[in-house]
1. Being assigned to a loop (DSSP other than H, G, I, E, B), farther than 21 Å from Val13 by Cα and not β-branched (Val, Ile, Thr) is the filter; apply it to region 113-132 and report the residue that is nearest to the chain's Cα centre (by Cα).
2. Is there a residue in region 252-259 that is farther than 26 Å from Asn50 by Cβ and either touching a Leu at 6+ places or on another chain (Cβ under 6 Å) or of a type in the set (Phe, Trp, Tyr) (or both)?
3. Given the residues Ile66, Ile130, Ile100, which is the only one that is touching a helix residue (DSSP H, G or I) at 6+ places or on another chain (Cβ under 8 Å) and within 27 Å of Leu16 (Cβ to Cβ)?
4. Which of the helices (runs of 4 or more DSSP H) contained wholly in region 244-315 include at least 3 residues that are of a type in the set (S, T, N, Q)?
5. For region 134-179, how many residues are β-branched (Val, Ile, Thr), touching a residue at least 40 places away in the same chain (Cβ under 8 Å) and within 25 Å of Glu190 (Cα to Cα)?
6. Restricting to region 11-23, count the residues that are more than 18 Å from Glu177 (Cβ to Cβ) and assigned to a loop (DSSP other than H, G, I, E, B).
7. Note down all Cβ pairs under 8 Å where the first residue falls in region 94-114 and is modelled with pLDDT of 95 or more, the second is in a helix (DSSP H, G or I) and of a type in the set (Lys, Arg), and they're at least six residues apart or on different chains.
8. Can you tell me how many residues within region 61-92 are surrounded by fewer than 22 Cβ atoms within 10 Å (Cβ to Cβ), in contact (Cβ under 8 Å) with a residue 40 or more places away in the chain, of a type outside the set (Gly, Ala, Ser) and in a helix (DSSP H, G or I)?
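The values are calculated or read from the model by the stated rules, or taken from the named source; none is laboratory data. All figures in this text were calculated on a predicted structure; none of them were measured in a lab. All Cβ positions, even for glycine, are placed from backbone atoms using ideal geometry, and neighbour counts span all protein chains on display.
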Amino acid sequence: MEYRNLGKSGLKVSELSFGSWVTFVNQLNQKSAKECMAMAYDYGVNFFDNAEAYASGKSEVLMGKILKQLKWGRDTYIVSSKVFWGGELPTQKGLSKKHIHDACDAALKRLQVDYLDLFFCHRPDPETPILESVYAMNDLITQGKIMYWGTSEWSANEIKEAFKCAEKYNLRGPSMEQPQYNILHRERFEKEYKSIFKKYKIGSTIWSPLASGILSGKYNNGIPKKSRFTVKGYEWLADGMKDLNLKRIKKLGDIAHSLGISQSQLAILWCLKNKNVSTIILGASNTKQLKENLESINHYEKVSKSAMTKIDKLF
């Protein structure tokens, strides 16, 4: 495993990380989730991603129990949470100072840790001034409850505004953005965020490198019964299949085969080739799947400029 700085910070994150979205509680019980986390850690993964919204907080509870059982040194791993969707009441959602503080305290209890390494604004909140959210995050840093804060799926203009607020009032701006980024979903990351990466040297913790499994090739002949597309509450993921050109996905498999790697590994390595990617968050519903994706780091050199050009022409 190689490690990259999280943007211009001194924090080293593993190139591949492990997240709990969809899988924890919904597809993985405590035993299987523990096996996946232990495997990831053994491969050198040091970042484990979570959020208050995942399984309505139960995902963090599960991860917290596992962290206690595994007894890793707190200085050997990075754990995150995200704030936005905490509940149905007006004070339980959004990015107000109150909810940001309440969400952080709740995440600390669920994860059973003294501080969060990374804390994300899970989505932009048009009903709360960005300055208020920036102040709230800085308060948490001062209190020692979080180390770094970031955004997730914010527009470039919203991120710029956060930095303007931080600069004007001598506060710390976001250290990272967590966007979706993969072969099928690249417009925002590569074009809209281009100036953000250049000017602010912000890091990125990208999610869905396999486009929820589409790029793995396992959906080429339809949606399997136990896929995340069939998990209650996540049926919307299947919408991405409607206008999909499966012929191109299959051709991606041909490129992977010619390189001697799996289609999933090729899709992951394609993301890793982008210098603005700090870490790729992997999700897995079993250890076999996770092992295959983690093994992609052993084939980095196989994905040459020629292979990247072929993929760009294909998509």
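1. In the first step, residues of region 113-132 are kept if they are assigned to a loop (DSSP other than H, G, I, E, B); the result is 113-115, 122-129.
Cutting the leftovers down to farther than 21 Å from Val13 by Cα gives us 123-129.
Keeping just the survivors that are not β-branched (Val, Ile, Thr) gives 123-127, 129.
Details: Arg123: 13, Pro124: 16, Asp125: 19, Pro126: 23, Glu127: 25, Pro129: 25 Å.
Across region 113-132, the extreme among qualifying residues is Arg123.
2. Looking only at region 252-259, we keep the residues that are farther than 26 Å from Asn50 by Cβ, and these are 252-259.
Then keep just the ones that are either touching a Leu at 6+ places or on another chain (Cβ under 6 Å) or of a type in the set (Phe, Trp, Tyr) (or both); that gives 256.
Checked region 252-259: at least one residue is farther than 26 Å from Asn50 by Cβ and either touching a Leu at 6+ places or on another chain (Cβ under 6 Å) or of a type in the set (Phe, Trp, Tyr) (or both).
3. Values: Ile130 fails: within 27 Å of Leu16 (Cβ to Cβ); Ile100 fails: within 27 Å of Leu16 (Cβ to Cβ).
Only one candidate passes the filter, namely Ile66.
4. Details: elements: 246-259, 263-272, 287-294, 305-314.
Ranges flagged: 263-272, 287-294.
5. Applying the first criterion (β-branched (Val, Ile, Thr)) to region 134-179 yields 134, 141-142, 146, 151, 159.
Checking the rest, the ones that are also touching a residue at least 40 places away in the same chain (Cβ under 8 Å) come to 146, 159.
Of the ones still in play, those that are also within 25 Å of Glu190 (Cα to Cα) are 159.
The qualifying residues number 1.
6. Of the residues in region 11-23, 3 are more than 18 Å from Glu177 (Cβ to Cβ) and assigned to a loop (DSSP other than H, G, I, E, B).
7. As it stands, the answer is Gln112/Lys65; Gln112/Lys68; Val113/Arg74; Asp114/Arg74, since those pairs meet every condition given.
8. Qualifying residue count for the region: 5.
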